[in-house]
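Quick notes on the structure that follows.
The values are calculated or read from the model by the stated rules, or taken from the named source; none is laboratory data. Keep in mind that this is a model prediction, so the values were computed, not measured. Positions of Cβ are backbone-derived with ideal geometry, glycine not excepted, and every protein chain shown enters the neighbour counts. Keep in mind that these areas ignore ligands, DNA and RNA; they rest on the heavy atoms of the full protein, side chains included. Shrake-Rupley method; radii C 1.70, N 1.55, O 1.52, S 1.80 Å.
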Amino acid sequence: MDPYKQLDFFALEDQFTEDERMVRDAVRTWVSERFLPLVQAHYEAGTFPMELVPELAELGVFGSNLPEEYGCAGLNNVCYGMICRELERGDSGLRSFVSVQGSLVMWPIYAYGTEEQKREWLPKLASGQAIGCFGLTEPDFGSNPGGMTTVAKKDGDGYVLNGRKMWITNGTVSDVAIVWAKLDGEVRGFVVPCDLPGFSAPEQKHKFSLRASVTSELVLEDVRVPASAIFPEIKGLRGPLQCLTQARYGIAWGATGAAEACFSEGLAYSKEREVFGKPLAGMQLAQKKLADMATQITLGQLMMLRLGRLKDEGTMTHSQVSMAKRNNVHMALECARTVRDMLGANGISLEFHTGRHMCNLESVITYEGTHDIHTLAIGHEVSGIPAYR
Amino acid sequence: MKIVACIKRVPATDVQAKVAADAKSLDSAGYQYMTSFYDEIAVEEAIKTKEAKGGDVTILTISSKDATKEVRECIAKGADGGVILVDEDWMNRDCRATAKALASKLTEMGAELVFMGRVATDRDNASVGPMVATYLDWACVTNVVELEVGDGEATAKRETEAGLETVRVTLPAVITCDKGLNEPRYAGLKGIMAAKKKPLEEAACEAADNQAQVLSLVLPPPRAEGRVIGEGADAVPALIDALRNEAQVL
């Protein structure tokens, strides 16, 4: 077992089954031994460690909660959540890679795809032979995806796609894209191989956040796909939004991992660092920070345990996911900022992990539904009145 | 070939040692456990041997029932099943009692090749492997860093203080595994799911009484604080003097 000690103030360890703890420990050890030694260099270079993709596949993290018959691990949703938590303890870019592959590419193929689409793509995506991306957001349409301008037109026995997508994780390194486009004014999903003529995915550079992650535009210029590329049944925004619920569930878990990583670093540092003749952790202001973080992280952990069990029971709602994503990412960002401060000047060095987490979380609080949009989703749920219409 | 990897469940490396009220044992309240480091190498070698030569691998341990997590983690890496010889006092069992119980079960299982770690990372005895081989009247090669298993025999390289020794043994044999023999694989998530379906037997442990009795257990004294001898080149003579006469390392 890895020496990394996760905060467990409310003794939640025995609330997880042996399998769930084994899955967590397997991913935790891999992240400590294989990922953390590399992340600083990749973050500085602005690259994702693609050399680790075969190991991630071998570990079984891609689409881990999908059935074994498609080459996946068939885990429950608590396990999937704990995987995200451990991956994001490493870096939000690592968790993003796995979230996109599993929740935004494999899940819609599994949930909406034809048997042919599932057989063609799921085993390849599970084994890392293929990488996928999810094209919903556009340059001018983020929080209101219904306004998208990407269009599909029926053309003989296939479709022709035109449009631009933006802020697409893994776009440049993908073999297949799930593209959402309007067909006769209605949002539809397409499984688009990235080597088709007219498809390009230039990388978006100059980010200060999620640097160890590939972010891209998707440019579709008369991309012709066969009739078999469309998801046959799912129509309207419900399609992409249900995918996002899957991914946000993983993000909410992941954010606790990032918060725990920062807390762990801040606690260790403040116990060792002496100021005015005693450890920083012995100062009242530092203890307030540690107490606040420990409390907020514990609340986040409790929320995720319950949400995971609800998802496994099949009763989780998208509003609950909104609450968890909104709360936990905001909580993680506040923890990262607090620990960055506690680390003093060291906090701006990439030799410490917290600054990297802090910059990453500025993306995580924005993508997959901004903090404000989730506020409105929760407000809608509790009041019954939608504020965004 | 019936291959068995014996593992020991040991306290995680970061636990704080605390002497129990009896002043003879450790207070294990709140301990987290892990598979002993060298035993992970033994499990890997057992699975590699199965993959190369066929057969099946069983994980064997003496422990409380709580060892299911550690045993299943080893099964998840590619073993075929596990056996826990249930002994609630496993932490305090001496090497002889442990070896006798293991040898008896290994005979019952029909083991032909047994892998163990060079030493368990808690008590540091490095004795159980050779003792098991002795009770079984088998060959034993310790501290193995390279192994080739043939038909009815094996060639092993072992680290000694004098250098690298190459040994050929006939099987059955006990091999104790050292760092460098292999790089233990990770338990994959599919393996963890598959491990749930593989047999994990809990058997009664008929361990002999301890022959070695622990009389007392005292933690090492806390390390004395460091001392700054001086600064710069002027302090070198005093430093050499301290190293020679106080620390006596020169």
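Tabulated data for the structure shown
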| read-out | value |
| --- | --- |
| Which numbered condition B:GLU183 fails, given (1) acidic (Asp, Glu); (2) open to solvent by 30 Å² or more (accessible area, probe 1.4 Å); (3) touching a residue at least 40 places away in the same chain (Cβ under 8 Å); (4) more than 14 Å from every other protein chain (Cβ to nearest Cβ) | (4) |
| Unique match (being without any contact (Cβ under 8 Å) to a residue 60 or more places away in the chain and small (Gly, Ala, Ser)) among A:GLY355, A:GLY369 | A:GLY355 |
| Count of residues meeting criterion [within 25 Å of A:ARG306 (Cα to Cα), within 10 Å of another protein chain (Cβ to nearest Cβ), over 20 Å from the mean Cα position of the chain (by Cα) and of a type in the set (A, V, I, L, M, F, W, C)] in the stretch A:1-44 | 1 |
| In the stretch B:131-144, the residues that are open to solvent by 50 Å² or more (accessible area, probe 1.4 Å) and of a type in the set (S, T, N, Q) | B:THR134 |
| Condition met for A:VAL225 (in contact (Cβ under 8 Å) with a residue 24 or more places away in the chain, closer than 30 Å to A:CYS359 by Cβ and aliphatic (A, V, I, L, M)) | no |
| Residues of the stretch A:215-243 classified as surrounded by fewer than 20 Cβ atoms within 10 Å (Cβ to Cβ) and of a type in the set (Ser, Thr, Tyr), total | 1 |
| Answer residue from the stretch A:182-210, given it is basic (Lys, Arg) and open to solvent by less than 60 Å² (accessible area, probe 1.4 Å) and is nearest to A:TYR110 (Cα to Cα) among those | A:ARG188 |
| Strands (runs of 3 or more DSSP E) contained in the stretch B:5-117 and holding at least 1 residues open to solvent by 40 Å² or more (accessible area, probe 1.4 Å) and either out of contact with any Gly (no Cβ under 7 Å at 6 or more places or on another chain) or under 21 Å from B:LEU189 (Cα atoms) (or both) | B:56-63 |
| Residue within the stretch A:244-257 that is modelled with pLDDT of 95 or more, surrounded by fewer than 21 Cβ atoms within 10 Å (Cβ to Cβ), outside the structural domain of A:SER92 (by TED's automatic domain parsing) and of a type in the set (Lys, Arg) present | no |
| Some residue of the stretch A:339-359 being touching a helix residue (DSSP H, G or I) at 6+ places or on another chain (Cβ under 8 Å) and farther than 21 Å from A:VAL39 by Cα | yes |
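The rows are residues; the columns are (1) over 27 Å from B:CYS95 (Cα atoms); (2) open to solvent by less than 90 Å² (accessible area, probe 1.4 Å); (3) away from chain A (no Cβ under 14 Å); (4) not polar (S, T, N, Q).
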residue	(1), (2), (3), (4)
B:GLU146	no, no, yes, yes
B:VAL149	yes, yes, yes, yes
B:GLU161	no, no, yes, yes
B:THR170	no, no, yes, no
B:ASP178	no, yes, yes, yes
B:MET193	yes, yes, no, yes
B:LEU200	no, yes, no, yes
B:PRO221	no, no, yes, yes
